[in-house]
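Here the structure is laid out as structure tokens; the discussion comes afterwards.
The values are calculated or read from the model by the stated rules, or taken from the named source; none is laboratory data. Small disclaimer: the values here were computed from a predicted structure and weren't measured. With ideal geometry, Cβ positions are generated from the backbone for all residues, glycine too; neighbour counts draw on all protein chains shown.
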Amino acid sequence: MKELKLITKDSVSIAVHLFLPEKSNNKLLLINSATGVKQQIYFSFAQYFSEQGFTVLTYDYRGIGLSKPKKMKGFQASMRIWGSEDYKAVTDYIKINFNDYKKYCLGHSVGALILGMNEDSAMFEELIFVGTQNAFVGNLKLKTKIEAYLGFGIAQPLITTLLGYFPGNWFGLGESLPKNCAYDWRTLILNRKSTNGLLEKIDDYSKKLTQKVFVIRAQDDVWLTEKGVRSLLNNTYPNLKPTYRLIKTSESEKGEIGHVNFFRSYNKKLWNIILNELI
């Protein structure tokens, strides 16, 4: 594992880790993280794929993990910038250093939504979507819908405005988020257009993507619904060619997958679902 620092076009440093295999199969896998999830969560998964011959890259968006500033209040970042600047810096690096490789991208949650913000997404042979959807409240189940209205309609904007950032860790929602990342997250949930509501504010490449996409959803992911997943593929990425896979909790040795735990080492057995797709 090798640590890199990439500089975006707007001069922000992004922390990247490169997992190089002992014997390369000339395939590269890029992992786009979920909202507020540090890249370390994906290290065991990345190491496993490296052991199978893949070159793997993980990274932290600005404001998260090793790409976090000393002071969050006033730090300029948004989910749109994650896609158009941070993700773009990584794909630029890949084009320069691994141009002749077969390339794949795994987007976890928001990591799939930002694909439409970067024209380089077209270079990937196949995409993997894990735990992602158009998260508009109308697509959610009743209990989650109520929590979403209370949390993102009232608590999140109030706290974010008061503090100048959103302390996601207070609510078990991962890392603290820069202010505009929190507001973009609110858009994904409360705006009927959801992902398209962000894409219309930025250069949108989502309709130009035509690859195969392997779409994984966990049975016990309470924030995810089939309706939301289908909405993303039908309304945001209509030209991708999806294959769907529901992972049942009975397939997990611990009986838990949820929104993030697919990547925990105790679910290592499940990683073959993706490996078999890519080989």
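Looking across Ile154, Ile114, Ile159, one residue alone is in contact with a strand residue (DSSP E or B) (Cβ under 7 Å, 6 or more places away or on another chain), surrounded by fewer than 24 Cβ atoms within 10 Å (Cβ to Cβ) and among the β-branched types (Val, Ile, Thr). It is Ile159. From the residues in the range 230-279 that are acidic (Asp, Glu) and either in contact (Cβ under 8 Å) with a residue 24 or more places away in the chain or in a loop (DSSP other than H, G, I, E, B) (or both), which one is surrounded by the fewest Cβ atoms within 10 Å (Cβ to Cβ)? For the range 230-279, the residue satisfying everything is Glu253. Residues of the range 158-177 that are over 19 Å from Val110 (Cα atoms) and either at pLDDT 85 or above or of a type in the set (D, E, K, R) (or both): Leu158, Ile159, Thr160, Thr161, Leu162, Leu163, Gly164. Limited to the range 87-136, what total is found for residues that are hydroxyl-bearing (Ser, Thr, Tyr) and under 17 Å from Leu232 (Cα atoms)? The total comes to 3. Which one is surrounded by the fewest Cβ atoms within 10 Å (Cβ to Cβ) among residues in the range 186-205 that are within 19 Å of Lys88 (Cβ to Cβ), more than 15 Å from the chain's Cα centre (by Cα) and of a type outside the set (A, V, I, L, M, F, W, C)? Here the answer is Glu200. Quick one: is Ile146 out of contact with any strand residue (DSSP E or B) (no Cβ under 8 Å at 6 or more places or on another chain), without any contact (Cβ under 8 Å) to a residue 60 or more places away in the chain and over 24 Å from Lys9 (Cα atoms)? Judged against the criteria, Ile146 is a match.
Selection of helices (runs of 4 or more DSSP H) fully inside the range 131-217 by the criterion of at least 3 residues being of a type in the set (D, E, K, R) returns 142-150, 179-190. Looking across Asn134, Asn196, one residue alone is under 25 Å from Val222 (Cα atoms), touching an Asp or Glu at 6+ places or on another chain (Cβ under 9 Å) and not charged (D, E, K, R). It is Asn196. Quick one: would you say Gly107 is within 18 Å of the chain's Cα centre (by Cα) and at pLDDT below 95? No. Candidates are the residues of the range 1-28 that are closer than 11 Å to Tyr59 by Cα and of a type in the set (A, V, I, L, M, F, W, C); the one that is surrounded by the fewest Cβ atoms within 10 Å (Cβ to Cβ) is Leu4. Counting only residues that are among the aliphatic types (A, V, I, L, M) and touching a Ser or Thr at 6+ places or on another chain (Cβ under 9 Å), the range 220-258 holds 6 of them.
Every test in (1) crowded, with 19+ Cβ neighbours inside 10 Å; (2) part of a helix (DSSP H, G or I); (3) in contact with a Ser or Thr (Cβ under 9 Å, 6 or more places away or on another chain) is passed by Ala122 save one, and that test is (1).
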